Amino acid sequence: MLGSTLLGLMVVTLVWGQQYPIPPTCYSKVLTMAVDINARAAQIKNVYDAMGCSTHLPDLYIDVHNACVISTMSSYLSNLRGIREGRCGYSRPVQLLMTSINQLNHIIAQKCHGELAFTYDDCAVLRGRRY
C-alpha cells in the first residue's frame, strides 16, 4: 500500500514537472542564443538568397564570456544593415539573423545586466575565430 502511494506520488510530481518546467536562467538563455546565432551566421553564407551579398561579411563568433561581445555584435549588425545588393538585406535569413542579434544584445545589455561575468577582454579572439 505504501509502495503504491509513493509510486503514485512520484508519477504526479513527474507529470507536474513536465507541465511547468523550470525557466532558463539568464546565463543559459544567452548561451543557447549565442550558439544559435553562431550557426545562423555561418549558414547565411550558404543560403541561396544571401550567398551573393554575404561573402564580404566577416565570420561571426559570439563568446558571451568575452567583454567585447557587445561591440562585436554591434559592428556585425551595422554590416548586415549595410547590405543593399539585390534586396539581399531584406531576405528572410538575413532578417532573422539581425533580429536574433538584436534580441541577444538587448538581453545581455539590459535583462542580464549584472548576472553575466565577463572573464576576459580580448576582441582579437572574436575576430580571428574560425569554425
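The values are calculated or read from the model by the stated rules, or taken from the named source; none is laboratory data. Every value quoted in this text rests on a predicted model; they were computed, and no experiment measured them. Here the Cβ is made from the backbone with ideal geometry for all residues, glycine too, and neighbour counts use every protein chain on show. All accessible areas refer to the heavy atoms of the entire protein, side chains included, with ligands and DNA or RNA removed. Shrake-Rupley method; radii C 1.70, N 1.55, O 1.52, S 1.80 Å.
In the range 88-114, the residue that is farthest from V47 (Cα to Cα) out of those that are free of Cβ contacts under 8 Å to residues at least 40 places away in the same chain and of a type in the set (S, T, Y) is T99.
V47 - would you say it is assigned to a loop (DSSP other than H, G, I, E, B) and either in contact (Cβ under 8 Å) with a residue 60 or more places away in the chain or more than 19 Å from V125 (Cα to Cα) (or both)? When the stated conditions are applied, V47 passes them. Could you go through the range 67-82 and let me know if any residue there is part of a loop (DSSP other than H, G, I, E, B), over 17 Å from D122 (Cβ atoms) and more than 18 Å from the chain's Cα centre (by Cα). Looking through the range 67-82, at least one residue is part of a loop (DSSP other than H, G, I, E, B), over 17 Å from D122 (Cβ atoms) and more than 18 Å from the chain's Cα centre (by Cα). Confirm whether D59 is open to solvent by less than 70 Å² (accessible area, probe 1.4 Å), modelled with pLDDT under 90 and among the charged types (D, E, K, R). Yes.
Selection of the range 83-101 for residues being of a type in the set (V, I, T) and in a helix (DSSP H, G or I) yields V94, T99, I101.
The residue that is nearest to V35 (Cα to Cα), among those in the range 91-108 that are of a type outside the set (D, E, K, R) and exposed (fewer than 12 other Cβ atoms within 10 Å of the Cβ), is T99.
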